[in-house]
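Peer 1: Structure incoming, see below.
Read-outs: derived from the displayed coordinates by stated rules, not from any lab. Please read these numbers as outputs of a predicted model, since none were measured by experiment. Positions of Cβ are backbone-derived with ideal geometry, glycine not excepted, and every protein chain shown enters the neighbour counts.
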């Protein structure tokens, strides 16, 4: 009997077994987070990231997945395609990249730079509104593209010690 969280898994043969690329289609619910965390653990180990850096990647990936579930799909069932690879990014050098693709009818239309720089009021803290700030602070680069039929998100984590350049829309 298969895992009800996973819709599809592929391991492209064209990639080196050391670096590789992992592709998943997950049902968008909290029961699937352990599958996503396993994906992060495998890829951060392949990237040679230490435990602290691996945990930061896990935080950003978990938060983005939770945001897609809560905001794009409104807590209802939905599909998320996730692809991750270790590659050479033109602007970032060697990097661990996570691409998220949802098919929600709601396309996010905010500004990532504003979300990244939003300073919460400590006198009036309330749940919500800090997820994108967290994602932007722990990733080295974050991008969003609204699509006709959903959203595309890209999280980039530098493997070489580079500067965090934040989020871009």
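Peer 1: In whole Å, largest first, what are the principal axis extents of the Cα atoms in region 25-120?
Peer 2: Projected onto the principal axes, the Cα atoms of region 25-120 cover 36, 31, 27 Å.
Peer 1: Also: Among 34, 144, which comes first, then next, by fewest other beta-carbon atoms within 10 Å?
Peer 2: So the ranking, lowest neighbour count to highest, is 34, 144.
Peer 1: To continue, here is another question. Going by Cα centres, region 56-101 and region 105-158 are how many Å apart?
Peer 2: Going from one Cα centre to the other spans 12 Å.
Peer 1: Taking the Cβ of each residue in 137, 113 as the centre, tally the other Cβ atoms inside 10 Å and list the residues starting with the fewest.
Peer 2: Least to most surrounded, the residues fall as 113, 137.
Peer 1: Sort 39, 49 so that the residue with the fewest other Cβ atoms within 10 Å of its own Cβ comes first and the one with the most comes last.
Peer 2: Numbers: 39 21, 49 18.
Ascending Cβ contact count within 10 Å gives the list 49, 39.
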